[in-house]
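Colleague: Let me begin by handing over the structure; questions about it come next.
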Amino acid sequence: MDSNKILDRGTPDRSARVGAPVTLQIDGVAVTVPAGTSLMRAAHDAGVKVPKLCATDSLDAFGSCRLCLVEVEGRRGYPASCTTPCEPGMKVKTQTDKLAKLRRSTMELYISDHPLDCLTCPANGNCELQDMAGVVGLREVRYGYQGENHLAAPKDQSNPYFTFDPSKCIVCSRCVRACEEIQGTFALTVQGRGFDSKIAPGPGSFLESECVSCGACVQACPTATLMEKSVYDQGQPDHSAITTCAYCGVGCSFRAEMKGDQVVRMVPHKDGRANRGHSCVKGRFAFGYATHKDRIKQPMIRASIQEPWREVTWEQAIAHAASEIRRIQGKYGRGSVGGITSSRCTNEETYLVQKLVRAAFGNNNVDTCARVCHSPTGYGLKTTLGESAGTQDFDSVMHADVVVVMGANPTDAHPVFASRMKKRLREGAQLIVIDPRKIDLVDSPHTRAAFHIQLQPGTNVAVMNALAHVVVTEGLAKVDYVRARCELPEFDKWQAFIRDPKNSPEVLGPVIGVPATTLRDAARLYATARNAAIYYGLGVTEHSQGSTTVMAIANLAMLTGNLGRPGVGVNPLRGQNNVQGSCDMGSFPHELPGYRHVSDPTVRELFGQSWGVPIDDEPGLRIPNMFDAALDGSFKALYVQGEDIAQSDPDTHHVQAALTAMECVIVQDLFINETAKYAHVFLPGASFLEKDGTFTNAERRISRVRRVMPPLAGLADWEATMALAKALGYPMHYDHPSQIMAEIAALTPTFTGVTYDKIDQLGSIQWPCNDQAPTGTPVMHVDQFVRGKGRFVITEYVATPERTSRKFPLILTTGRILSQYNVGAQTRRTANTAWHAADVLELHPHDAEARGIRDGDRVEVESRAGKTVLRAEVTERMQPGVVYTTFHHPESGANVVTTENSDWATIVRNTRSPRCRSARCWCRRRRGSRSSRRLRSSRRRCCRGGSDGRAEAGQDVQ
Amino acid sequence: MTAVKVFVPIDAAARSVGADEVAAAVQAEAKRLGVAIELIRTGSRGMFWLEPLVEVATAAGRVAYGPVTAADVPGLFAAGFLQGGKHPLLHGKTEELAFLKRQQRVTFARVGVVDPRSLRDYEAHGGLRGLRAALAMAPAQIVDEVMTSGLRGRGGAAFPAGIKWKTVAQQPPGQKYVVCNADEGDSGTYSDRMVIEGDPFLLIEGMLIAGLAVGADQGWIYLRSEYPDAEVALMAAIDMARREGLLGKSVLGSGRAFDLHLRRGAGAYICGEETAMLESLEGKRGMVRPKPPLPAIAGLFGKPSLIHNVMSLAAVPTIVEKGGAFHAGLGVGRSKGTLPFQLAGNVKHGGLVEVPFGMTLRELLYDFGGGTASGRPIKAVQVGGPLGAYLPPAKFDTPLDYEAFAQAGGMLGHGGIVVFDDTVDMKAMARYAMEFCAVESCGKCTPCRIGSTRGVEVIDQIAGPGPQVALLRDLCDTMTHASLCAMGGLTPMPVLSALDHFPEDFARGARARG
């Protein structure tokens, strides 16, 4: 298998270290390497292979296997080449009789405690131990096999995705080190001493342990000890393709390792720049939904939603859909139809859907659910800095000295990035967490927040203002930076505003619920750091005052000079894989691709020319407007690609009524979803494994999605859209998504330089990519802001009205956990259910005590919207007065309570996000429901968003 | 009438043979008789066959009675022991005892003499002179004195201390540490324990001076968990040192800060290896780190750290007080100063012998040790702990000197000497060496982790010369050259020395051992 041949230079790159390059000789070959490079890595560069087992270039050198010993002229002994740094003029020998003997003898010891079942071993053909036995020329084991050994050690099969077979373990600690260094969970350890040393996930099994099933240990294992069950079942893969994960906004690069058209396993791609060879349980293992039996593989139509579905051919389905659209437009007007794009589909597919709407439907009625989480960022950052996107690449965090995490729970929602962040924190960076909940980052192994600003939900702006107040009034602002780079009249106005004592920590502290001294200390820490970076999530954007908070964040970053270089910046953590891309691609009713307003005649002219049709100059309908219009009778047909609006919209009855009022609803999805219940045409979607295209992640990185298997239903989503366009009399001519990207590049200034060839060549590209930045832009706003001068915006804190009442004394917040994704349409169709079989209600011990609720009890939760029953988990992670549930299992009815909040209209105010998953509620113990069983669940929150078709909604809660 | 001073050791070795009971009996008997005494608990003089050794301060000096049991006490009073009265247990003036008189106690000058819980007593007996001198010196001067002294690491590796000090001192200013390795795990060794229990301020003073010299304001002591008495003594001494301004923000009012952290180990031999100790100090599993980086550059918590054994640090105050040249004037060759040897095992007069390097092993074994306790001939001695070589009588004229011992195929290590008579089975001892390694290996590197277990198995199969002996030698070669640290690297030393010097013991049939 080709993974064998993946370059492994043995020890990590140390080129960032200071010091002149070092020249030395290895086996007579002169080689020059960066200071601090190991002999092993230098040897690799010199084309000299040194045997190794415990070394791999993703982990710090360890020096335990003793196969990589070398001789250095003028030195005693046999130093390990992995742990010995190069020094100028060294003369190193990697092959001598003595070394050969030591290596063979050491290998002999290994094999004296290893099963000899190579031919039936799942690692056969891809086993480093096997390879090294061959390399060192082991011919016999003089100790025999009768001695003490571990061959009878029982297998641990508890993890649904991989097996731990300690009988094959060589105790190289690569798994332990991967868990520590790469993932940062510290779930694994070596237990016992000497010969009794064994790898253990704590005292129990893998499933019972702290293990988060990220797969780093499996990937690191040089033998079959930690091995994917899929490889046990299917054998070693024989070919592979690089593609991009379709779960969260980190956008990890994976090698899909295949046998024919079957995916054997997904292995994180070492050169992937978003993930740097790391993965989480979802991307690594939870791809089984793609071939789940629930997948719809045949198009279906029906005349009315009361009728059963009828399977038809693609041609019939498309022809039917097209004739209905044309019929409806003929009857109700051109504007009576519209489309919804998906933040789960590719850029090219999203682009095509909005093009279909604009060119074939002839209106601008296109929108996307990504607007919910994206809009405040887009608006806030565009207004202040000039571009609707995060400012950094993920690598940037490795240069940060202070990291602020606000309204985000990266260890669950963006786990791979969280691992990078934790690595930096372990290196000594300081952490400030701004979150109502004690998220894991606040206090986890070897990382601890310097400050946890445990704010009252709804006081984000107050926190940012208080921090900025301290920076300004204590003279910590980078005045030179601001003077050089920002609009001064605005700054002066803003400064006068922020100086006002009403923005002081002493005044705002009680509102926020955090001592003024904490706010002051946190502000000082942020402002005085060499590099300070802010990462925020949906706890900021899906929130009343979401845009205001984003602008307040940008203000603070400009104020302290923390923009425009590695290690700093303002970084939204995107909920879904292609939130950024779907917005870039013109999914909003008022914007053409590249965030250009439809009212701009030049832009309309450009697109009109290219598309051969005039572009409507009127912004189209947003999703809520579409529903309103449907109920008015003026909006009658909707094409929904990869979104489940019926499930995700807060006002379920409203949406249901609106959908029912339509005459043709076309749903394109992997599975029958809630919206499909109101649909007349169902077009089977294609998973990310079945199509070519690109995703754009949270760092503006455009990465390739590569087709590794044919679409189960015959057509990729872009092909279906193209067929629909053709049937509507607007033929599109693309043989491959690369041609769609070529069109996007031709029409969008920030994408001018993007081609599939260049992506192949560079691996991925961060937009803007054009003549000014031919290889893309890792860090934005370097010499000046995109908008020219940065703009400070006054961010008045507006208190939300009383949020709880006697009837509903608690605030309910929702979120997601590591192993599940959004409403779980995908992850519930995988073995990830092992970790999270049901939704639970988390509440603080005080709230539990007051209601006589014990851990594990079944409790009723009621809000004005409805009621449901959940199992209680009593935890100090919550603050009193706030309860929390996940929403991965629709049957648990968490949505029922959270779906509608009749006070929403009063809460939203100036936010641009009209949906927020929260409610006031009350809960009580259910009679006779006392249970001592403690559910296995992880209890973490994050962004809420859809499957291939679910809307985003809020974590933070009003 | 002033109270007569009576000294009863509080040292763990003395307590293990009843010193506490003796002390109580002395108090009770004095009370019963209405005699005023001042009972002082001291460290041990290091003559274990005489413990519990009771001393009485007389006009002529301190006189020794021992070994004393509680039952002996009324008789001692009756014999007028408070005035040095004659009694079968009387040995005369303590200082005149041959075992002590022939020694040159520098590090142990106060052990058994002073009250370890009294900083005043420490000072009255010459303590703090080194520190006071150091406070008046530039850091580089202190380093120079240590360099001049020729002091070598007493933990076993005998690395020149001055070079270490210089390396740490040369690191850029910032957080640095002095780390004391008090994980004295070698079988038959106890000198660290005796100093900590009997003269703890000496260690504190040594660490303070080291901190001043290298620019460290914090010291860490890693004490093995098997030394509960030492822990009590050390904690009391540290508390007192803080109260008296010896430790803290301004050491003796100098404006220079130094404080100590005391950490207890968890019973792993390997944590005596300096890098495994650092891991353990950091709260991690005690596993050996590869070097480089040297701990002097990146040690505890990644900061430059001066790591020394208790004996090395305890040698420092004298070096600074009397000058490096004084220390360099003792000893032979490149082995300077004194080494507190520890006689143990089957020996008539077990105990602590501090002498300058250069005396022969034979003198130590017979002139001090008096031969075996069993009265049978000595067959072998193991010098330098469980990883040291077994030496046959033919090697007993080797001088106690690092280089001479290395040449003789052995090592001095931490100065522990365990004596065996002619009933010992050297194959069993070789097997024990492998077994010890199998039990105590940190499990990191393969030669040590698997090799030690295979070593036990191979030795069990040996019945005279043959392929198993060849395999054992091969294994020893692999462990020696391929192991990550000295644990695996030195385990072959006792094995091969046993095989080389006592081949006849390996000719017997394979025998099972539990």
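Colleague: List, in the order given, every pair from B:LYS176/B:LYS444; B:LYS86/B:LYS322; A:LYS198/B:LYS176 whose Cα-Cα distance in the structure shown is over 32 Å. Can you show the working numbers first?
Modeller: Details: B:LYS176/B:LYS444 28 Å; B:LYS86/B:LYS322 40 Å; A:LYS198/B:LYS176 34 Å.
Checking Cα-Cα distances, B:LYS86/B:LYS322; A:LYS198/B:LYS176 exceed 32 Å.
Colleague: What is the set of long-range amide H partners of B:ARG256 at a cut-off below 5 Å, with H atoms built 1.01 Å from backbone N?
Modeller: B:VAL251
Colleague: Calculate for chain A the 222 nm mean residue ellipticity that helices alone would give, adding -39,500 (n - 2.57) per DSSP H run of length 4 or more and normalising by residue count, nearest 500 deg cm²/dmol.
Modeller: On the way: 30 runs with 268 residues, N = 958.
For chain A, the value works out to -8000 deg cm²/dmol.
Colleague: Of A:LYS91/A:LYS422; B:LYS5/B:LYS336; A:LYS91/B:LYS164; A:LYS93/B:LYS291, which ones are farther than 28 Å apart at the Cα?
Modeller: A:LYS91/A:LYS422; B:LYS5/B:LYS336
Colleague: Next question, about the same structure. Report P(r) for the range B:339-487: all Cα-Cα distances, bin width 5 Å, range 0 to the bin holding the largest distance, values in whole percent.
Modeller: For the range B:339-487, the binned pair fractions read 2, 10, 18, 19, 18, 15, 12, 7, 1 percent.
Colleague: What is the local net charge at A:PRO203, summed over the other residues whose Cβ is closer than 13 Å to its Cβ (Lys, Arg +1; Asp, Glu -1)?
Modeller: Working: positive: A:LYS198; negative: A:ASP156, A:GLU208, A:GLU210.
Value of the local net charge: -2.
Colleague: Hey, another quick one. So what is the relative contact order for the range A:22-91, in percent, with contacts set as C-alpha pairs under 8 Å and at least six apart? Please list the in-between numbers first.
Modeller: Details: 117 pairs, mean separation 27.9, N = 70.
Answer for the range A:22-91 is 40 percent.
Colleague: I would also like to ask the following. If you filter the range A:145-176 for chymotrypsin sites (Phe, Trp or Tyr not before Pro), then keep DSSP loop positions with at most 13 other Cβ within 10 Å, what is left? Mind showing how you got there, number by number?
Modeller: Details: sites: A:TYR145, A:TYR161, A:PHE162, A:PHE164; in loops: A:TYR145, A:TYR161.
Counting only loop positions with at most 13 other Cβ atoms within 10 Å, the chymotrypsin sites (Phe, Trp or Tyr not before Pro) in the range A:145-176 are A:TYR145.
Colleague: Apply the Karplus curve 6.51 cos²θ - 1.76 cosθ + 1.60, θ = phi - 60°, to the phi angles in the range A:132-147 and return the couplings in whole Hz, x for Gly and Pro.
Modeller: 6, 4, x, 5, 7, x, 5, 10, 7, 10, 5, 6, x, 10, 8, x
Colleague: In terms of the ratio Rg/(2.2 N^0.38 Å) built on C-alpha atoms, what value belongs to the range A:1-123? Don't jump to the answer; show the numbers that get you there.
Modeller: Details: Rg = 15.3 Å, N = 123, 2.2 N^0.38 = 13.7 Å.
Cα-based Rg divided by the globular estimate yields 1.12.
Colleague: Quick check: net charge around A:GLN879, other residues with Cβ under 12 Å of its Cβ, Lys/Arg +1 and Asp/Glu -1? Can you show the working numbers first?
Modeller: Values: positive: A:ARG437, A:LYS438, A:ARG877; negative: A:ASP435, A:GLU842, A:ASP847, A:GLU876.
Net charge in that neighbourhood comes out at -1.
Colleague: Just reorder A:ARG177, B:ARG263 by solvent-accessible area, largest first, 1.4 Å probe, all chains present. Provide the component values of the computation, followed by the final result.
Modeller: On the way: A:ARG177 10, B:ARG263 100 Å².
Sorted descending by solvent-accessible area, the residues read B:ARG263, A:ARG177.
Colleague: Further, regarding this structure: Going by alpha carbons, how many degrees (0 to 90, nearest 10) lie between the helix axis of A:371-384 and the longest principal axis of chain A?
Modeller: That works out to roughly 90 degrees.
Colleague: Any idea of the total accessible area buried by the B-A contact, 1.4 Å probe, rounded to 100 Å²? Numbers along the way, then the final one.
Modeller: Numbers: alone 19340 and 33160 Å², together 49650 Å².
Adding both sides of the contact gives about 2900 Å².
Colleague: Just how far, in whole angstrom, is the range A:212-278 from the range B:377-445 if you go by their alpha carbon centroids?
Modeller: Between the Cα centres of the range B:377-445 and the range A:212-278 lies a distance of 52 Å.
Colleague: Put simply, what bits of the range A:174-218 lose 50 Å² or more of accessible area when the other protein chains are there, versus the chain on its own (1.4 Å probe)?
Modeller: Checking the loss per residue gives A:ARG193, A:GLY194, A:PHE195.
Colleague: How big is the charge dipole of the protein assembly as shown about its Cα centre, in debye rounded to the nearest 20, if each Lys and Arg gets +1 on its Cβ and each Asp and Glu gets -1 on its Cβ?
Modeller: Numbers: 165 positive and 154 negative charges, 195 e Å.
With Lys and Arg at +1 and Asp and Glu at -1, about 940 debye.
Colleague: Per DSSP H run of at least 4 residues, take -39500 (n - 2.57); add these up for chain B, divide by its residues and hand me the 222 nm value, nearest 500 deg cm²/dmol. Intermediate results must be reported in sequence, preceding the final value.
Modeller: Details: 21 runs with 196 residues, N = 514.
Mean residue ellipticity, 222 nm, calculated: -11000 deg cm²/dmol.
Colleague: Here is a follow-up. Per the Kirkwood formula on distinct C-alpha pairs, the Rh of the range A:331-437 is how many angstrom? Show your work: numbers first, answer last.
Modeller: Working: mean 1/r = 0.0589 Å⁻¹.
Averaging 1/r across every pair of different Cα atoms and inverting gives 17.0 Å.
Colleague: Just give the residues from the range A:118-149 buried by at least 50 square angstrom of accessible area in the all-chains context relative to the isolated chain, probe 1.4 Å, and say none if nothing qualifies.
Modeller: A:ARG142, A:TYR143
Colleague: Lysines near B:LYS379 by alpha-carbon distance under 18 Å, same-chain residues fewer than 8 away left out - which ones?
Modeller: Answer for B:LYS379, where 18 Å is the Cα cut-off: B:LYS348, B:LYS395, B:LYS427, listed by chain and number.
Colleague: Compute, for A:ASP294, the solvent-accessible surface of its heavy atoms (probe 1.4 Å) with the complete set of protein chains present, and express it in square angstrom to the nearest 10.
Modeller: We get 60 Å² for A:ASP294.
Colleague: Can you give the % of DSSP beta bridges in the range B:119-328 that are antiparallel, to the nearest 5? Provide the component values of the computation, followed by the final result.
Modeller: On the way: 2 of 19 bridges.
Counting DSSP beta bridges with both partners in the range B:119-328, the antiparallel share is about 10 percent.
Colleague: Give the angle, between 0 and 90 degrees and rounded to the nearest 10, that separates the Cα long axis of helix A:460-473 from the longest principal axis of the Cα atoms of chain A.
Modeller: With both axes taken from Cα atoms, the answer is about 70 degrees.
Colleague: Quick one: Cα centre-to-centre distance for the range B:1-60 and the range A:13-33, in angstrom?
Modeller: Using only Cα atoms to place each centre, the spacing works out to 67 Å.
Colleague: DSSP beta bridges in the protein assembly as shown, what fraction antiparallel, as a percent rounded to 5?
Modeller: Working: 89 of 160 bridges.
Percentage antiparallel, nearest 5: 55.
Colleague: Run the dipole for the range B:4-101 about the Cα centre, Lys and Arg Cβ at +1, Asp and Glu Cβ at -1, nothing else charged, and hand back the magnitude in debye, nearest 20. Show your work: numbers first, answer last.
Modeller: Values: 10 positive and 10 negative charges, 38 e Å.
The dipole of the range B:4-101 has a size of about 180 debye.
Colleague: May I ask you to list the trypsin sites (Lys or Arg not before Pro) in the range A:52-118 that are in a DSSP loop and have at most 12 other Cβ atoms within 10 Å of their Cβ?
Modeller: On the way: sites: A:LYS52, A:ARG66, A:ARG75, A:ARG76, A:LYS91, A:LYS93, A:LYS98, A:LYS101, A:ARG103, A:ARG104; in loops: A:LYS52, A:ARG66, A:ARG75, A:ARG76.
Taking the range A:52-118 and a limit of 12 other Cβ atoms within 10 Å, the loop trypsin sites (Lys or Arg not before Pro) found are A:ARG76.
Colleague: Further, regarding this structure: If eta is 0.692 mPa s and T is 37 °C, what Stokes-Einstein diffusion coefficient results for the range B:4-101, Kirkwood Rh from Cα pairs, in µm²/s?
Modeller: Values: Rh = 12.9 Å.
The Stokes-Einstein estimate is 254 µm²/s.
Colleague: Order B:ARG334, A:ARG327 by their accessible area, 1.4 angstrom probe, all chains in place, largest first.
Modeller: On the way: B:ARG334 145, A:ARG327 95 Å².
From most exposed to least exposed: B:ARG334, A:ARG327.
Colleague: How tilted is helix A:737-747 with respect to the longest principal axis of chain A? Cα atoms for both, answer in degrees (0 to 90, nearest 10).
Modeller: Long axis of A:737-747 versus the principal axis of chain A: about 60 degrees.
Colleague: May I pose another question? If you keep only loop residues by DSSP, which GluC sites (Glu not before Pro) in the range A:147-229 have at most 16 other Cβ atoms within 10 Å of their Cβ? The partial results should precede the final answer.
Modeller: Numbers: sites: A:GLU148, A:GLU180, A:GLU181, A:GLU208, A:GLU210, A:GLU228; in loops: A:GLU148, A:GLU208, A:GLU210.
Here the GluC sites (Glu not before Pro) that fit, given the DSSP loop and packing criteria, are A:GLU148, A:GLU208, A:GLU210.
Colleague: Suppose a student asked you for the relative contact order of chain B, using Cα pairs under 8 Å spaced at least 6 residues apart; what percent would you report?
Modeller: Working: 1133 pairs, mean separation 68.1, N = 514.
Reported relative contact order: 13 percent.
Colleague: Probe of 1.4 angstrom, ligands and nucleic acids ignored: what's the accessible area per residue over chain A, in square angstrom?
Modeller: Numbers: 31760 Å² over 958 residues.
On a per-residue basis, chain A sits at 33 Å².
Colleague: Counting only the heavy atoms of the protein chains, how much of B:MET429 is accessible to a 1.4 Å probe, in Å² to the nearest 10?
Modeller: 40 Å²
Colleague: A follow-up question, please. If you put +1 on each Lys and Arg Cβ and -1 on each Asp and Glu Cβ, how big is the dipole of chain B around its Cα centre, in Debye rounded to 20? Please report the intermediate quantities before stating the final value.
Modeller: Values: 52 positive and 52 negative charges, 135 e Å.
So the magnitude is around 640 debye.
Colleague: Separate question: Rounded to whole Hz and in sequence order, give me ³J(HN,Hα) for the range B:416-422 from the Karplus expression 6.51 cos²θ - 1.76 cosθ + 1.60, θ = phi - 60°, writing x for Gly and Pro.
Modeller: x, 10, 10, 9, 10, 8, 6
Colleague: Rounded, prolate or oblate: which fits chain B, taking a ≥ b ≥ c as square roots of the Cα gyration tensor eigenvalues, rounded meaning a/c under 1.5, else prolate when a/b beats b/c? Before the final figure, lay out the partial values.
Modeller: On the way: a/c = 1.91, a/b = 1.18, b/c = 1.62.
The shape class here is oblate.
Colleague: Would you mind checking which residues have amide H under 5 Å from B:LYS336's amide H? H placed 1.01 Å from N; only 5 or more apart, or other chain.
Modeller: Sorted by chain and number, the residues that satisfy this are B:ARG152.
Colleague: Tell me, what HN-Hα J-couplings in whole Hz come from the Karplus equation 6.51 cos²θ - 1.76 cosθ + 1.60 at θ = phi - 60° for each residue of the range B:10-21, using x for Gly and Pro?
Modeller: Using θ = phi - 60°, the values come out as 10, 4, 4, 5, 5, 4, 5, 10, x, 4, 5, 5 Hz.
Colleague: If you take the C-alpha gyration tensor of the protein assembly as shown, multiply each eigenvalue by 5 and take the square root, what semi-axes do you get, largest first, in whole Å? Let's see the in-between values first.
Modeller: Working: eigenvalues 1017, 268, 168 Å².
After scaling each eigenvalue by five and taking roots: 71, 37, 29 Å.
Colleague: Considering the Cα positions of the range A:375-572, please state its Rg to one decimal place and its Dmax as a whole number of Å.
Modeller: Using the Cα atoms of the range A:375-572, the pair Rg, Dmax is 15.2, 47 Å.
Colleague: In whole angstrom, note down how far apart the Cα centers of the range B:262-295 and the range A:397-412 are.
Modeller: The distance from the Cα centre of the range B:262-295 to that of the range A:397-412 comes to 32 Å.
Colleague: Taking +1 at the Cβ of each Lys and Arg and -1 at the Cβ of each Asp and Glu, which of A:GLN456, A:ALA496, A:VAL416 sits farthest along the dipole of the range A:392-525 towards its positive end, judged by Cα position relative to the Cα centre?
Modeller: Looking along the dipole axis, the top candidate is A:VAL416.
Colleague: Just the number, please: percent antiparallel of the DSSP beta bridges in chain B, rounded to the nearest 5. Could the numbers behind the result be given before it?
Modeller: Values: 29 of 56 bridges.
Roughly 50 percent of the beta bridges in chain B run antiparallel, per DSSP.
Colleague: Separate question: Given B:VAL22, B:HIS87, B:ALA70, which one lies farthest toward the positive end of the charge dipole of the range B:4-101, if we put +1 on the Cβ of every Lys and Arg and -1 on the Cβ of every Asp and Glu?
Modeller: Highest projection toward the positive end goes to B:HIS87.
Colleague: Next question, about the same structure. So who's got an amide H within less than 5 Å of the one on A:LEU226, skipping anything under 5 residues away but keeping other chains? H placed 1.01 Å off N, in plane.
Modeller: Distant-sequence amide H within range of A:LEU226: A:ASP165.
The values are calculated or read from the model by the stated rules, or taken from the named source; none is laboratory data. Because the structure is a prediction, the values reported are computed rather than measured. No Cβ is skipped: glycine too gets one built from the backbone with ideal geometry, and neighbour counts run over all protein chains shown. Side chains are part of the model used for accessible areas, which takes the heavy atoms of the whole protein and leaves out ligands, DNA and RNA. Shrake-Rupley method; radii C 1.70, N 1.55, O 1.52, S 1.80 Å.
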